[in-house]
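Written below as structure tokens is the structure these notes are about.
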Amino acid sequence: MENITYNSIVLQVEGFKVTKESTEYAFFLFFFSYIVIMILNLGILAIIAIDKSLHQPMYLLFCNLPVSDIVGCTHILPRLLSDMLVPPSERLISYYECVVQAFTTHMFGTTSHTVLMVMAFDRYVAICNPLRYANIMTSRMIIKLTVFAWGVPFVWVAVLLGLTIRLNRCRTLIENPFCDNASLFKLSCESSVINNIYGLAFTVVLLTSSIGSIVLTYSKITAVCLTSKSKSLNNKALQTCSTHLVVYLIMSFSGVSIVVLHRFPQYSEYRKLSAILFVMIPPSLNPIIYGVQSREIQKFLSEKCCSRKRLKKNPI
């Protein structure tokens, strides 16, 4: 299909190059991963919604992360699974659906950074200004931080895709398992210098701001812990901040790998694998990491388990 039509409405998704024998294993792996991601993230949202003791700024801000993970995975993995069941020549997608998928893909990746930034700010206030925490982290502040976490990525990604949509297309092959901005502007035979410049600037600004905010807030938290003699404060800081950093490092490594590998066409299969791992690994680990480290969530789950055991032993 490539190089035959001009500005075609129908595109072909390259997908994964796997053998027929491996297709079933890959399908069930992705399907199982998607089910696990949905159960874990919906479960965390349900626990936070049900347990009133979790209606705190930290958990309310954290809710943005599973929401982003659910939206991102649902818009990518089901389509990927359906493509795996058909021959490569039948993996077709409309241009408009591809643009929407690319927009959602980049929103998912960008909000993962901005949500962790606002969560780092929350931890900074909680540990460095505990007496003023209630006055600073009000309902209005939570709304402002949530709007920032979603509003800034929306504007950045809208501009990113807007620059790509303006280009005429002379190809129809999406060289990726799903649609993203780089795959879309590679369909054009026009100059994509502006797209490359904005894309790189977008990545640099996002990584610089997220890494800068993480380093700044955690440096101040470390300074407070070093000068404080409170073991409970230090333990709390170590527990919450270490898990936060683990999530951030996993997500950043996965995201940077995709950006770097897009510049090396000879490693296209590694890029595809990195793109899928970015969709699968952070969303599956986020609820586990935060669920394990949260005493409140552990308490809620243990109470539910104990109550069920009592009901089984003493049925009415």
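Using the Karplus curve 6.51 cos²θ - 1.76 cosθ + 1.60 with θ = phi - 60°, work out ³J(HN,Hα) for each residue of the stretch 52-61 in order, rounded to whole Hz, and write x for Gly and Pro.
Result, rounded to whole Hz: 5, 5, 8, 7, 10, x, 4, 6, 5, 6.
So what J values fall out for the stretch 11-24 if you push phi through Karplus, 6.51 cos²θ - 1.76 cosθ + 1.60 with θ = phi - 60°, rounded to Hz, Gly and Pro as x?
Values, residue by residue: 10, 10, 9, 5, x, 8, 9, 10, 6, 4, 5, 8, 4, 5 Hz.
Just to confirm a number: summing +1 for Lys and Arg and -1 for Asp and Glu over residues other than L80 whose beta-carbon lies under 11 angstrom from that of L80, what do you get? Provide the component values of the computation, followed by the final result.
Values: positive: R79, R91, K272; negative: D83.
Summing Lys and Arg as +1 and Asp and Glu as -1 gives +2.
Could you list which residues have their amide H under 5 Å from that of R169, counting only those 5 or more apart in sequence or on another chain, with H placed in the peptide plane?
Amide H neighbours of R169: N7.
Skipping prolines and chain starts, which residues have an amide H placed within reach, meaning under 5 Å, of the one on I174, given they are 5 or more residues away or on another chain?
Q12, V13, E14
Choose one answer from T111, T172, T227: the residue with the largest mean-square fluctuation in a GNM of the chain with alpha-carbon springs under 10 Å.
T227
Could you state the accessible area per residue of the stretch 62-167 in Å², with a 1.4 Å probe and every protein chain left in place?
On the way: 4410 Å² over 106 residues.
Accessible surface, normalised per residue, equals 42 Å².
Which residue, chosen from V125, I142, M84, occupies the Cα position most advanced towards the positive end of the dipole of the chain, where the dipole is computed from +1 (Lys, Arg) and -1 (Asp, Glu) charges on Cβ about the Cα centre?
Checked the options; the winner is V125.
Can you tell me the order of 129-136, 61-68 when each peptide is scored by its average per-residue count of other Cβ atoms within 10 angstrom, highest first?
On the way: 129-136: 11.1, 61-68: 21.5.
Peptide ranking by packing, descending: 61-68, 129-136.
If R₀ is 41 angstrom, what is the calculated FRET efficiency for the pair V205 and L29, using the beta carbon separation as r and rounding to 0.05?
Here the calculated transfer efficiency is 0.75.
Let me know the charge dipole size of the chain about its Cα centre in debye, to the nearest 20, where only the beta-carbon of Lys, Arg (+1) and Asp, Glu (-1) is charged.
Values: 28 positive and 16 negative charges, 314 e Å.
That gives the chain a dipole magnitude of about 1500 debye.
At 0.36 nm per residue, minus the direct Cα-Cα distance, what do T19 and S89 gain on full extension? Give it in nm, one decimal, please. It would help to have the intermediate numbers written out before the result.
Values: separation 70, 0.36 × 70 = 25.20 nm, distance 1.52 nm.
23.7 nm is the gain from fully extending T19 to S89.
Under 10 Å, Cα contacts only: if you run a Gaussian network model on the chain, which one of P87, P287, P177 comes out with the highest mean-square fluctuation?
Checking each option, the largest mean-square fluctuation is seen for P87.
Enter the angle in degrees (range 0 to 90, nearest 10) between the Cα long axis of helix 231-261 and the first principal axis of the Cα atoms of the chain, meaning the one along which they spread out most.
0 degrees
Of the accessible area of the stretch 27-91, with the probe set at 1.4 angstrom, what percent is carbon plus sulfur? Present the calculation step by step, with values, prior to reporting the outcome.
Numbers: 2280 of 2940 Å².
Carbon plus sulfur share of accessible area: 78 percent.
What list of ³J(HN,Hα) values in whole Hz, one per residue of the stretch 106-119 in order, does the Karplus curve 6.51 cos²θ - 1.76 cosθ + 1.60 (θ = phi - 60°) give from phi, with Gly and Pro shown as x?
Going residue by residue, I get 6, 5, 4, x, 6, 5, 4, 6, 5, 5, 5, 5, 6, 5 Hz, with x marking Gly and Pro.
Over the Cα atoms of the stretch 127-195, how large are the radius of gyration and the largest Cα-Cα distance (Dmax), in Å?
20.0, 61
Taking the Cβ of Q56 as the center, what net charge do the other residues with Cβ under 11 Å away carry, scoring Lys and Arg +1 and Asp and Glu -1? Each step should come with its number before you reach the end.
Values: positive: K52; negative: D51, D122, E296.
Result for the local shell: -2.
The values are calculated or read from the model by the stated rules, or taken from the named source; none is laboratory data. Bear in mind the structure is a predicted one, so any value in this text is a computation, not a measurement. In this analysis, Cβ positions are derived from the backbone assuming ideal geometry, glycine residues included, and neighbour counts consider all displayed protein chains. Heavy atoms of the whole protein, side chains included, go into the accessibility calculation; ligands, DNA and RNA do not. Shrake-Rupley method; radii C 1.70, N 1.55, O 1.52, S 1.80 Å.
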